[in-house]
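The block underneath contains the structure these notes are about, expressed in structure tokens.
The values are calculated or read from the model by the stated rules, or taken from the named source; none is laboratory data. Not measured: the values here are computed from a predicted model. Cβ: placed from backbone, ideal geometry, glycine included. Neighbour counts: every protein chain shown.
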Amino acid sequence: METVTNMFHASVRKCCASCRHRDVENDGTRICQLMQLKVAQAFVCTKWQMSDGLQNAGMSGGVVKKLTGVVIQ
């Protein structure tokens, strides 16, 4: 499986699971919005584009919302 990197140098596997055009049904099946076909998780088409969430992965702009149960020794 091929991997690509985003602008923040996080590696992303190139597959249907990381594609912008995937849609997941209620029963968990993946549908390609471009081809209108049910596809497997590892399927890669020629029109693959990285999803918006993965384009921002590694940006380090996250914050800790709740800090509970952390023990520092």
Touching a Leu at 6+ places or on another chain (Cβ under 9 Å), surrounded by 15 or more Cβ atoms within 10 Å (Cβ to Cβ), modelled with pLDDT of 85 or more and in a strand (DSSP E or B) - does that describe any residue in the range 33-50?
no
Selection from the range 11-32 of residues outside any strand (DSSP E or B) and surrounded by fewer than 15 Cβ atoms within 10 Å (Cβ to Cβ) yields E25, N26, D27, G28, T29
Every pair of residues 6+ apart whose Cβ atoms lie under 6 Å, when the first sits in the range 22-47 and is touching a residue at least 12 places away in the same chain (Cβ under 8 Å) and farther than 18 Å from E2 by Cα while the second is part of a loop (DSSP other than H, G, I, E, B) and of a type outside the set (K, R):
C32/H21; Q33/H21; L34/H21
